[in-house]
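These notes are about the structure you will find just below.
The values are calculated or read from the model by the stated rules, or taken from the named source; none is laboratory data. Note that this is a predicted model, so its numbers are computed, not measured. In this analysis, Cβ positions are derived from the backbone assuming ideal geometry, glycine residues included, and neighbour counts consider all displayed protein chains. Protein only, heavy atoms only, side chains kept; ligands, DNA and RNA dropped before computing areas. Shrake-Rupley method; radii C 1.70, N 1.55, O 1.52, S 1.80 Å.
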Amino acid sequence: MHTMRNKPFIAAILLLLRLLCSLQHMGAQSIGVCYGGSGNADNLPPESEAVSLCKTQSIGKMRIYSPYPEILEPLRDSNIELIVGVPNDSLKDLADLSAATDWVQRNIKDYSSNVEFKYIAVGNEVNPIGAAARFVLPAMQNVYKSIADAGLQNQIKVSTAVDTNLLGVFDPPSAAAFSANAGPFMEPFIGFLVSTRAPLLANIYPYFRVKYNNQPVPYALFTATDVVVQDGKLEYRNLFDALMDALYSAIEKTNGRSLDIVVSESGWPSAGGAVETIENAGTYYRNLVDHVKGGTPKRPGKAIETYLFGLFDENLKEEEIEKHFGLFYPNKQAKYSISFN
């Protein structure tokens, strides 16, 4: 009789556990793609087809570099989570609060009922000693205030996207620190992100460390079998982890211990030079997708939200290698065999 009374309770607990497992699985996808739009190519399918391709391929996250109706409209009701960029040439304008409020109204609030905005990237790889640098923080603050005034601050986080060139030291990762120019540039951003509980967006490219810093190719492709860098008790067999943890170390030294990093770009070109091959690029993307499920030596056990660069090859880019980062050809044929889910 006692067992019979407990049966509904046990059944309810089992149902709850199944629901929690289902929700965990739904949120487990950590991979997105970067979509540059039509500005860097003259042979791409329309934006609506790009969104359809992502849905067909079970790509549940996307980064765009500038919002405009032709991409935002097909994203309605797509359930694709979105990083929206504020272009660097708009930072000065958005340092004015009224302009930021108008930008948020037109590009975010007008679509927020059925577009899954997740982050706003205010600037991308802004040079810390460049002309736009002084506008990044006020633009971030104004966009955040406009988001908060719209009641969306819990849904949408405001950040900026940086690269690892800001590191003056990155090897070993525990010794990493921002350069003399980047430190004063990054410190107020980190304080802002900590206070608003937003992640730092970072473009992480082992490829460029191979290309310009002579790092070993296997170390960059996740194919090194031995430890390449021993950093105290932490062992590094791949350059992606080393760059991630170097950035974490630099952030921690700038009062950002609580910050998470979202990898807002990472990729490998398939043509344009000796290491830029279909084989290397395919190896990198497949291994990256598998690897980010598990974290880094410094921050283990937690999936790393990562956006692959990019959706299509972009034939109008100036440098040859920059034309060949696409996961898909312009005809929407896959360049590599990759499972996104």
Any idea of the accessible area per residue across the stretch 40-101, 1.4 Å probe, to the nearest Å²? 44 Å²
Measure of exposure for T254: accessible area at 1.4 Å probe, Å² rounded to 10, is 20 Å²
Name the residues of the stretch 317-336 whose amide N is less than 12 Å from a point 7 angstrom out from the Cα of E70 along the C-beta direction? none
Once you have a ≥ b ≥ c as the square roots of the Cα gyration tensor eigenvalues for the chain, tell me rounded if a/c is under 1.5, and otherwise prolate or oblate according to whether a/b is larger than b/c. rounded
Accessible area (Å², per residue) of the stretch 104-261, counting only protein heavy atoms and a probe of 1.4 Å: 42 Å²
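Stretched out fully, how many nm does the piece from K92 to S48 gain, at 0.36 nm a residue minus the Cα gap?
Fully extending the segment from K92 to S48 adds 12.8 nm.
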Can you tell me the relative contact order of the stretch 238-317? Whole percent, Cα pairs under 8 Å, sequence separation 6 or more. 31 percent
Taking 8 Å as the Cα distance limit and 6 or more residues as the minimum spacing, I'd like the relative contact order of the stretch 149-292 as a percentage. 28 percent
Top of K317, K157, K109 by mean-square fluctuation, Gaussian network on the chain, Cα under 10 Å: K317
Share of accessible surface on carbon and sulfur in the chain, whole %, 1.4 Å probe and ligands ignored, is 51 percent
Taking 8 Å as the Cα distance limit and 6 or more residues as the minimum spacing, I'd like the relative contact order of the chain as a percentage. 18 percent
Connecting every pair of Cα atoms under 10 Å apart in the chain and solving the GNM, the largest mean-square fluctuation among P46, P269, P128 falls on P46
Quick one: if the Förster radius is 41 Å, what FRET efficiency do T196 and F340 give, using the C-beta to C-beta distance and rounding to 0.05? 0.90
Membrane-span-like helices (DSSP H runs, Cα span along own axis at least 24 Å, mean Kyte-Doolittle at least 0.0) in the chain -> 2-26, 133-149
Helix-only [θ]222 nm of the chain, DSSP H runs n ≥ 4, -39500 (n - 2.57) each, per residue, nearest 500: -11500 deg cm²/dmol
Test of understanding: what is the full-extension gain from T225 to A175, defined as 0.36 nm times their sequence separation minus their Cα-Cα distance? 15.6 nm
Measuring from label point to label point, each 7 Å out along Cα→Cβ, what is the E252 to E322 span in nm? 3.5 nm
Which percent, to the nearest 5, of DSSP beta bridges fully inside the chain are antiparallel? 20 percent
